Amino acid sequence: LADRKDPVQAAFVQGGSLHAKQVPGVESLGSVDYEPIWVFYKGSFVKNGLLDLDKFAKARVAIGPEGSGTHVQAMNILRVSEVDRLPKLLPIKNDEAVTALKNGEVDIVLMVDGLRAKNVQALLNDPTVNLLSFNRAAAYTKNIHYLEELEVPMGGFNIARNFPPNDTKMLSTVTNLLIDDRMHPAIQFLFLMAAQEINGKESFFTKRGEFPAFMNSEFPESPIAQQFHQRGLPVLMDFLPFWVAEFVHRMFFTLLPFFAIAYPIILSLPSYRLRRVQSKLNRIYGELKFFENDLLVSYDPKKLPEYLETLAGMERRALALKVPKRASSDFYTLRSSIDYVRNALNRGDHQILGRESAI
């Protein structure tokens, strides 16, 4: 993903192992599962419910090989506990650490793996091995923001031998599904649908439908994933082929802002048209009023054809208008006024215009 020329466009990445600044152009589709952090030990390293740091400082601690997810999480936890510079931190593989703990070659093993993983089951089923409870898990999640707190009830792993013997708090990171931000939206939907089908089931640590979800990802959230988590799958996918439903869904949200702007404009168009027509009618009214006043002052019988043509021109302009129903009254009043002046001129009775105005 870090190489924009690489064809890989998606990856499952452990929370806390990468930062957004390290790999620009990467977005998150959300978290798809928990990755519990297990701390197994032999001996007595717990005092008053907390890890005895004095004894821990002398212990041989397996923290996973450098570059592994286990090593990253171990160092982050040890760093906030201010015990990350101990001389006996051993960067060995998880399977080697399991064997070493059983043989007494190490005292504590820290690993990141799933509940059903072979290495985890090997230590959970060993009655000589203890599981550390992070009783200050809430404090760790405040200091390491991508961590989640998990709870295991007394006897949760093995009721027969009551293991763990007390309610136990664990820390966990999550598996994030990261993608190239250029990935086609339809492919993103397919990834999310697959994650919902596979990871949305109930398990020991998760409730049904808990994943996929955005959980403290350091990467920007994909807009497609945001839509998916907020609204679910498009309803059209129940009735149309996937590619058609996805296209219609994407176009809807792409064009929605346009319609939000265009709708008020469309609503205002009739009012705008009415105002324009009324403005043109008023302009002709004004010309008719001016024409009438001019007749009262300087009427010339020889110019009667010219006067009538002027009125005809006004009427033609009025008839050329596309008048909406709401302006019909003004339109017919104008035509009646033009007829009134025309009839007065045809009778040779222009003086009546002064006594009883047409406008």
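The values are calculated or read from the model by the stated rules, or taken from the named source; none is laboratory data. In this text the structure is predicted, and so the values were computed from the model without any measurement. Cβ atoms come from the backbone with ideal geometry, glycine included; neighbour counts cover every protein chain shown.
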Checking the condition in contact with a helix residue (DSSP H, G or I) (Cβ under 7 Å, 6 or more places away or on another chain), in the same structural domain as residue 15 (by TED's automatic domain parsing), more than 19 Å from residue 16 (Cβ to Cβ) and surrounded by fewer than 18 Cβ atoms within 10 Å (Cβ to Cβ), which residue from 129, 83 passes? 129
Please determine whether any residue of the range 176-192 is buried (at least 17 other Cβ atoms within 10 Å of the Cβ), modelled with pLDDT of 90 or more, in the same structural domain as residue 214 (by TED's automatic domain parsing) and closer than 20 Å to residue 42 by Cβ. no
Test residue 204 against the stated conditions and say whether it is in contact with a Gly (Cβ under 9 Å, 6 or more places away or on another chain) and not assigned by TED's automatic domain parsing to the domain that holds residue 19. no
Condition set surrounded by 15 or more Cβ atoms within 10 Å (Cβ to Cβ), touching a helix residue (DSSP H, G or I) at 6+ places or on another chain (Cβ under 8 Å) and of a type outside the set (A, V, I, L, M, F, W, C), scope the range 132-148, selection farthest from residue 15 (Cα to Cα): answer is 140
Of the conditions (1) in contact (Cβ under 8 Å) with a residue 24 or more places away in the chain; (2) out of contact with any Pro (no Cβ under 6 Å at 6 or more places or on another chain), residue 116 satisfies every one except a single condition; which number is it? (1)
Enumeration of residues in the range 30-52 that are among the acidic types (Asp, Glu) and within 29 Å of residue 203 (Cα to Cα): 33, 35
When you go through (1) part of a helix (DSSP H, G or I); (2) free of Cβ contacts under 8 Å to residues at least 24 places away in the same chain one by one for residue 123, which number turns out not to apply? (2)
Under 9 Å between Cβ atoms, which residue pairs at least 6 apart in sequence (or on different chains) link something in the range 290-311 that is assigned by TED's automatic domain parsing to the domain that holds residue 339 with a partner that is assigned to a helix (DSSP H, G or I) and of a type in the set (Asp, Glu)? 300/306; 310/287; 311/339
Residue pairs qualifying under the 8 Å Cβ cut-off, at least six apart or on distinct chains, with the first in the range 52-79 being outside the structural domain of residue 103 (by TED's automatic domain parsing) and modelled with pLDDT under 95 and the second being surrounded by fewer than 18 Cβ atoms within 10 Å (Cβ to Cβ) and not in a helix (DSSP H, G or I), are none
Residues that are surrounded by fewer than 12 Cβ atoms within 10 Å (Cβ to Cβ), within 60 Å of the chain's Cα centre (by Cα) and assigned to a helix (DSSP H, G or I), drawn from the range 284-328: 286, 316, 319, 320, 325, 328
What tally of residues in the range 96-121 results from selecting those that are under 20 Å from residue 203 (Cβ atoms) and not polar (S, T, N, Q)? 9
Which of the residues belonging to the range 3-37 are farther than 18 Å from residue 222 by Cα and in contact with a Leu (Cβ under 8 Å, 6 or more places away or on another chain)? 16, 34, 36, 37
Criterion first (assigned to a loop (DSSP other than H, G, I, E, B) and either within 20 Å of the chain's Cα centre (by Cα) or without any contact (Cβ under 8 Å) to a residue 24 or more places away in the chain (or both)) does residue 193 satisfy it? no
What tally of residues in the range 30-75 results from selecting those that are crowded, with 17+ Cβ neighbours inside 10 Å and assigned to a strand (DSSP E or B)? 15
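Listed here are the residues, each with its yes/no results for (1) over 19 Å from residue 35 (Cβ atoms); (2) of a type in the set (Gly, Ala, Ser).
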| position | (1), (2) |
| --- | --- |
| 147 | no, no |
| 156 | no, yes |
| 159 | yes, no |
| 162 | yes, no |
| 171 | no, no |
| 174 | no, no |
| 182 | yes, no |
| 185 | yes, no |
Would you mention how many residues in the range 149-174 are surrounded by fewer than 20 Cβ atoms within 10 Å (Cβ to Cβ) and touching a residue at least 60 places away in the same chain (Cβ under 8 Å)? 1
Selection over the range 93-124 where residues are in contact with a Gly (Cβ under 9 Å, 6 or more places away or on another chain) and surrounded by fewer than 17 Cβ atoms within 10 Å (Cβ to Cβ) yields a count of 1
